[in-house]
Amino acid sequence: MEAKVAAQPVIQMQAPVPKSVETPATEEQHAIKMAARDVCVFYGEKQALFDVSLNIRDRSVTALIGPSGCGKSTFLRCLNRMNDTIEGCRVTGKIELDGVNIYSSRVDPVQLRARVGMVFQKPNPFPKSIYENIAYGPRIHGLASSKADLDEIVVNSLKKAGLFEEVKDRLNESGTGLSGGQQQRLCIARAISVNPEVILMDEPCSALDPIATARIESLMEELKQNYCIVIVTHSMQQAARVSQRTAFFHMGFLVEEGDTTDVFTNPKLERTQDYITGRFG
Amino acid sequence: MDTHEHIVRSYEEELSALNNKIAKMGGLAEQVLGQSIDALEGRDPDLAAATIQQDEAIDALEAEIEEQVIAMIARRQPMAYDLRQIMAALRISTDLERIGDLGKNIAKRALAVVGEQQPKQLMLGLKHMGELALGQLKEVLDAYIERDADRALRVWYTDEDIDAMYNSLFRELLTYMMEDPRNIGLCTHLLFGAKNIERIGDHATNIAETVYFLVHGRPITDQRPKGDTTSSTPVALRSAG
């Protein structure tokens, strides 16, 4: 049984260095879009992430899995500096987007969050019309020079999110009047509207029924052709279905990372195997 | 490998039940093989008949195992080691079912030759080959129960010995048939019996491969030494004297 309090012995036994347990990709390797190096996160005195180093590849889906409280959502929030908004939260280490450290003082977090968008567990459309939900971001970022431009952005975003056909005749209706699955796709469209390069998804299907979930998973397959996607999920089956790379977190450490098929059929570490087979005590 | 148990106890129990069914099936297959060799050697029609009956129990177990495997895959979405365990059970049950059929076939041959004069030399050769195959089967089933890949690997390599025996038996039987055509009937049955034993040996190596994969998560990459040359053994035809 592993001690849940003292992290010291665990560091020794399972020093998680992605290089040694990172399995090479069996599919075509895409370029590294984001790279984390020795990232630590503290909430006040409490350390939540311990020296996490991870490469995230472009045009693919990377899944972060692990039990509750393992740090996967904390890590996800580091990728677009959402942790900045949490009082007492401190991040050390380096996270690079296209080779540039996003925590450097030269980087504007607002711009960053347009490039690295986020979709949350509970769909959270603005209390505005469907049109306004999508138009809001591009407008404040100055991405449209005319109403026609803005219209085009809204339509394209809705199309890319697989929602346009369902809402094209009611763009002025409130976004909150849509079903859960539709709202989530609206949120994805909203993220897409500001031309992101990376889309972060924090358990995007947890609040959705199986059919809505399947539609979002299908959407992810399309989106990954053009975007880098990182998804946190509690469902091992979902991670196995949608991702190309999977990273397993436990107690603030990155334990194992590799090709998704390998991680789920023949993981390198027993701890990983215990988690994915439901043997965690 | 599985030092921790599943949180859901019924999952653990189902895997255990699967394991036990394979063990039981294996025991029955060993029995069928052992008895069929004895029946052939001892010209014992009663034993042969009883052995043929036992194959039914083996077939029934295969159907049970297949049903359980499919249900577990649908319900549990097994991953990693669990998935390999469940797939291994399916594959091994198929091999054991074939071994049962082959053993039954040997017993049928025993019934067919019961009235005939049986040359001691040939029968000894057959018996020895049968014992080798039985030994391989026992060993590989132990390897499965123990999850011992090294033991399985040794079985895998040892199949060569059975193949070598089969080659020499094949030649002996040909010679016997050529010496006196009245021997052809008996020798043909014995030849099929020997072939069945050689096939049982091959199935034991299949099981060995499955055990290796179960433990290591990757297949054996070596080339298996294949010693059976009978398919290319020329038959020298001479006019009978």
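Laid out as a table, the results:
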quantity: The range A:157-225: trypsin sites (Lys or Arg not before Pro) in DSSP coil with no more than 15 other Cβ atoms inside 10 Å; calculated: A:Lys168, A:Arg170
quantity: Tally of Lys pairs whose C-alpha atoms are under 26 Å apart, taken over the range B:1-142, 8 or more apart or cross-chain; calculated: 13
quantity: Average beta-carbon neighbours from other chains, 10 Å sphere, peptide B:72-79; calculated: 3
quantity: For A:Val119, distant residues with modelled amide H under 5 Å away; calculated: A:Leu200, A:Met201, A:Asp202
quantity: ³J(HN,Hα) computed for each position of the range A:247-261 - Karplus, 6.51 cos²θ - 1.76 cosθ + 1.60, integer Hz, glycine/proline x; calculated: 10, 9, 9, 8, 6, x, 10, 7, 8, 8, 9, x, 4, 4, 4
quantity: Packing-based order for A:125-131, A:48-54, B:13-19, using average beta carbon neighbours within 10 Å, highest first; calculated: A:48-54, A:125-131, B:13-19
quantity: Cα gyration tensor category, rounded, prolate or oblate, for the range A:229-281 with a/c compared to 1.5; calculated: rounded
quantity: Karplus 3J(HN,Hα) series, Hz, for the range B:196-212 with 6.51 cos²θ - 1.76 cosθ + 1.60 (x for Gly, Pro); calculated: 4, 5, 4, 5, 4, x, 5, 5, 4, 6, 4, 4, 4, 4, 5, 5, 4
quantity: Share, in percent, of DSSP beta bridges within the protein assembly as shown that are antiparallel, nearest 5; calculated: 60 percent
quantity: Helical contribution to [θ] at 222 nm, DSSP H n ≥ 4, -39,500 (n - 2.57), averaged over the protein assembly as shown, rounded to 500; calculated: -18500 deg cm²/dmol
quantity: 19 Å Cα cut-off, lysine pairs counted over the range A:26-158 (separation 8 or more, or different chains); calculated: 6
quantity: For B:215-222, mean number of other protein chain Cβ atoms within 10 Å; calculated: 1
quantity: Equivalent ellipsoid, chain B (semi-axes from 5 times Cα gyration tensor eigenvalues, Å); calculated: 38, 20, 12
quantity: Per principal axis, descending, Cα span of the protein assembly as shown in whole Å; calculated: 107, 56, 43
quantity: Residue-wise HN-Hα coupling along the range A:112-117, computed from phi with Karplus coefficients 6.51, -1.76, 1.60 (Hz; x: Gly, Pro); calculated: 4, 6, 7, 6, 10, x
quantity: Highest-fluctuation residue, B:Asp180, B:Asp163, B:Asp148 considered, GNM on chain B with Cα pairs under 10 Å; calculated: B:Asp180
quantity: Test item: B:7-14 mean partner chain Cβ contacts at 10 Å; calculated: 2
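Each value in this text was obtained by applying a stated rule to the coordinates, not by laboratory testing. Please read all numbers here as calculations on a predicted model, not as lab measurements. Positions of Cβ are backbone-derived with ideal geometry, glycine not excepted, and every protein chain shown enters the neighbour counts.
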